[in-house]
Amino acid sequence: LNRRLAAFGTTIFAEMSALAARTGSINLGQGFPDTDGPAEIAEAASRAVLTGLGNQYPPGPGVPELRTAIAAHQQRFYGLGYDPDSEVLVTAGATEAIAASLLALLEPGDEVIALEPFYDSYAACIAMTGATRVPVTLRPHGDAFALDLEELRAAVTPRTRLLLLNTPHNPTGTVLTPDELAAIAALAVERDLLVVTDEVYEHLVFEGSHTPLAGFPGMRERTVTISSAGKTYSFTGWKVGWITAPPELVSAVRSAKQFLTYVSSGPFQYAIAEALHLPDAYYDAFRADLAAKRDILAGGLAAAGFQVFRPRGTYFITTDITPLGEKDGLAFCRALPERCGVVAIPNQVFYDDKSAGATQVRWAFCKRTAVLQEAVDRLGRLA
Ligand code: PMP
Ligand code: GLN
């Protein structure tokens, strides 16, 4: 293994899901729903396979039906117009979109600013490009996490090429406000930065609604927006993701993507094209269901003695384990299955500065209510 990757070891999601399987624990670690998405969308996928849609290599940019549906979605929810042929690219999940965007846009020696704690593939992909990551840390503030805009501004240097954003934010559940986004946009314009914004939880905002960064003045031409069907339609295994961006950026990202997977998920692309046209009622019910689940898990975690940071978006809750007399989240998560049959994720793996996140632990609530209630019962017996 080369030196760029050696530091990263095995992803925490693989480690913790294997631990859950080995110990028969409730898995609130890796973020995947325990109920599949809409039956009619599963049927659309099955129909596509049986009628021969997408069983051979789909076109490099993605099937036209899906690209058209993605463009229509950006228009419908945000009033943003993208040309399906030149401004949309289908990827193997958001994961490939992140990798291909960074590989395409960064030179060795460039600096990339990312909000810490960051989703684990960010650090690894930046490392693969030979660029340097510059973390700007979201810090606990009341019952949430806050971005210090001055700190962000101070992190920009003449070598900064790109801002890598994520809102709603995994793992903290932070949703950047329109004012914060406007300030970030102004900074990007002033310092002429590219922006890659990971908005995979765009339909999981519990207070207010999602505001895409690409909609701010001067941003459309410098922003690659990433999303994924895995989160919005609860089919994480299908790995259908996408970017929307101006033609030069799409073309750059496609140059990298063609040599990573070339294409993926043929029949699933047709099914997700249908999913993107689901009525508002689908999105409203999905969000309401997860808001109720958030409340069950947040209440249970608070009752069990954790300090709970209330997520404004995503399907994760970050807690602090200090009130339980614990100091090391990784050790805590490794011991938790033995202690009470539950698996969670230690946030320290999402930090460059491990001490900053040492006592934070993340819990996924995209699970059936009965499963969450059982997890809450088990956690209640921890003390
Ligand atoms: N970005 C973030 C912030 C995520 O949480 C995830 C999924 N855990 C991804 C990207 C990857 O999405 P996908 O499964 O579509 O590759
Ligand atoms: N995005 C999910 C999470 O944060 C899992 C992703 C993965 O397993 N790579 O839990």
Open item on the list: Conditions first: (1) farther than 26 Å from residue 315 by Cα; (2) within 16 Å of ligand 1 (Cβ to nearest atom). Residue 28 passes all but one, so which condition is the exception?
Closed with: (1)
Task: Residue ranges of helices (runs of 4 or more DSSP H) in the stretch 50-139 with at least 3 members farther than 27 Å from residue 271 by Cβ - done: 93-105, 120-129
- [ ] State whether the residues of the stretch 163-175 include one that is more than 16 Å from ligand 2 (Cβ to nearest atom) and under 23 Å from residue 83 (Cα atoms).
- [x] no
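Only residues that are part of a helix (DSSP H, G or I) and of a type outside the set (A, V, I, L, M): list them for the stretch 175-197, please.
Of all residues in the stretch 175-197, those part of a helix (DSSP H, G or I) come to 178-190.
178, 179, 180, 190, listed by residue number.
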Open item on the list: Can you say whether residue 116 is more than 16 Å from ligand 1 (Cβ to nearest atom), assigned by TED's automatic domain parsing to the domain that holds residue 225, within 29 Å of residue 315 (Cα to Cα) and not aromatic (Phe, Trp, Tyr), as far as the supplied structure shows?
Closed with: no
TODO: Check off (1) surrounded by 17 or more Cβ atoms within 10 Å (Cβ to Cβ); (2) small (Gly, Ala, Ser); (3) in contact (Cβ under 8 Å) with a residue 60 or more places away in the chain; (4) more than 16 Å from ligand 1 (Cβ to nearest atom) for residue 79 and give me the number that stays unchecked.
DONE: (1)
Task: Single unsatisfied condition, residue 242 versus (1) under 25 Å from residue 213 (Cβ atoms); (2) in a helix (DSSP H, G or I); (3) among the hydrophobic types (A, V, I, L, M, F, W, C) - done: (2)
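Yes or no, residue by residue, for (1) without any contact (Cβ under 8 Å) to a residue 60 or more places away in the chain; (2) surrounded by fewer than 22 Cβ atoms within 10 Å (Cβ to Cβ); (3) part of a helix (DSSP H, G or I); (4) not hydrophobic (A, V, I, L, M, F, W, C):
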position	(1), (2), (3), (4)
161	yes, yes, no, yes
165	yes, no, no, no
173	no, no, no, yes
200	no, no, no, no
210	no, yes, no, yes
227	no, no, no, yes
250	no, no, yes, no
259	yes, yes, no, no
263	no, yes, no, no
Task: Failed condition for residue 37, given (1) outside any loop (DSSP other than H, G, I, E, B); (2) crowded, with 21+ Cβ neighbours inside 10 Å; (3) out of contact with any strand residue (DSSP E or B) (no Cβ under 7 Å at 6 or more places or on another chain) - done: (1)
TODO: Name the single residue, out of those in the stretch 297-340 being within 23 Å of the chain's Cα centre (by Cα) and assigned to a loop (DSSP other than H, G, I, E, B), that is nearest to residue 27 (Cα to Cα).
DONE: 315
- [ ] Exactly one condition in (1) among the hydroxyl-bearing types (Ser, Thr, Tyr); (2) modelled with pLDDT of 95 or more; (3) more than 16 Å from ligand 1 (Cβ to nearest atom) is not met by residue 315; state its number.
- [x] (3)
Open item on the list: Suppose the filter is assigned to a helix (DSSP H, G or I), in the same structural domain as residue 370 (by TED's automatic domain parsing) and in contact with a His (Cβ under 8 Å, 6 or more places away or on another chain); does residue 294 pass it?
Closed with: no
Task: Qualifying residue in the stretch 218-225 (condition: modelled with pLDDT of 95 or more, within 20 Å of the chain's Cα centre (by Cα), in the same structural domain as residue 55 (by TED's automatic domain parsing) and within 14 Å of ligand 1 (Cβ to nearest atom)) - done: yes
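The values are calculated or read from the model by the stated rules, or taken from the named source; none is laboratory data. For clarity, every value in this text was computed on a predicted model and none was experimentally measured. All Cβ positions, even for glycine, are placed from backbone atoms using ideal geometry, and neighbour counts span all protein chains on display.
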